[in-house]
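This report refers to the structure that appears directly beneath it.
The values are calculated or read from the model by the stated rules, or taken from the named source; none is laboratory data. Predicted, not measured: the structure shown is a model, and the values here were computed from it. With ideal geometry, Cβ positions are generated from the backbone for all residues, glycine too; neighbour counts draw on all protein chains shown.
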Amino acid sequence: MLICPVSDHLLTMKRTKNSPRQPARTSGPERHASLISAAASLFAANGFKGATTKEIAKSAGVSEALLFKYFPTKRTLYAAILAEKAQYSELRDAVEDAANKQDDNRLFTLLASYRIRKGADPTMLRLLLFSALEGHELSDMFFQRQYRVFHDLLATYISKRIEDGVFRPVDPLLAARAFFGIIVHHRLLHDIMGLPMHRTHEDTVSEYVSLFLGGLLQPSHASSRHTGT
């Protein structure tokens, strides 16, 4: 009996010829995420008005009709982007824990380091700026989901610490806005305008928090903070 050896190469070629590989299908959740990612990038680059549904569909590799099947309007797509990216449950839990323990340094550090960190995505900040400049209702939606909850939380905390006699008698809401103003200004300079950082992200956050708390603390508490007593 004569046995003729067959190479792996020939077997592979035979399978390829008779059974062409089919392109992998994209699942519904994967396509949904792909559309959100494509839209977020285009909205961040061109604004809500400047990014068309045709461009979004093309960027995601789908038809415009399929895009409308998932998101009937640009507004629903924008809302989906916020829901996808504005997830702060873990941060809020950590901030509330620090507030309950009256750990000033940790609370302010958590809020600052969430935004000022290596690899932070500037997409959401760009979306906020575009929505505000374009003056449409999505600007308010963005603010409510992105910043309002932490503005109110920080203002409430500052007010409580004033009552405790730890912080100086300042306007709590203005103080909260001032702290977030530091963070937003930093991101405008470095994430949007591209100014190089001269210190690490961790050192930068530590310095901002130290400067801000130094201005809030009553003299007696400020001295004890520096001496560790």
Legend entry - Selection from segment 185-203 of residues that are under 20 Å from L129 (Cβ atoms) and of a type in the set (K, R): R187
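Table: residues versus (1) over 24 Å from the mean Cα position of the chain (by Cα); (2) part of a helix (DSSP H, G or I); (3) modelled with pLDDT of 70 or more.
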site: K14; (1), (2), (3): yes, yes, no
site: R25; (1), (2), (3): yes, no, no
site: P29; (1), (2), (3): no, yes, yes
site: S34; (1), (2), (3): no, yes, yes
site: A39; (1), (2), (3): no, yes, yes
site: L42; (1), (2), (3): no, yes, yes
site: S59; (1), (2), (3): no, yes, yes
Legend entry - Number of the exception - A178 against (1) over 18 Å from R92 (Cβ atoms); (2) touching a strand residue (DSSP E or B) at 6+ places or on another chain (Cβ under 8 Å): (2)
Legend entry - Of all residues in segment 61-83 being basic (K, R) and at pLDDT below 85, the one that is farthest from L35 (Cα to Cα): R75
Inset, instruction - Mind listing just one residue for me: the one in segment 189-198 that is touching a Leu at 6+ places or on another chain (Cβ under 8 Å) and without any contact (Cβ under 8 Å) to a residue 60 or more places away in the chain and, of those, farthest from A44 (Cα to Cα)? - result: L195
Legend entry - Matching entry among R148, R187, R161, R199 (being within 23 Å of the chain's Cα centre (by Cα), of a type in the set (K, R) and modelled with pLDDT of 90 or more): R199
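Restricting to segment 183-209, give me the number of residues that are within 17 Å of L107 (Cβ to Cβ) and exposed (fewer than 15 other Cβ atoms within 10 Å of the Cβ). Give the steps one after another, and end with the answer.
So in segment 183-209, the residues within 17 Å of L107 (Cβ to Cβ) come out as 183, 202, 205-209.
This time we only want the ones that are exposed (fewer than 15 other Cβ atoms within 10 Å of the Cβ), so: 202, 207.
Of the residues in segment 183-209, 2 are within 17 Å of L107 (Cβ to Cβ) and exposed (fewer than 15 other Cβ atoms within 10 Å of the Cβ).
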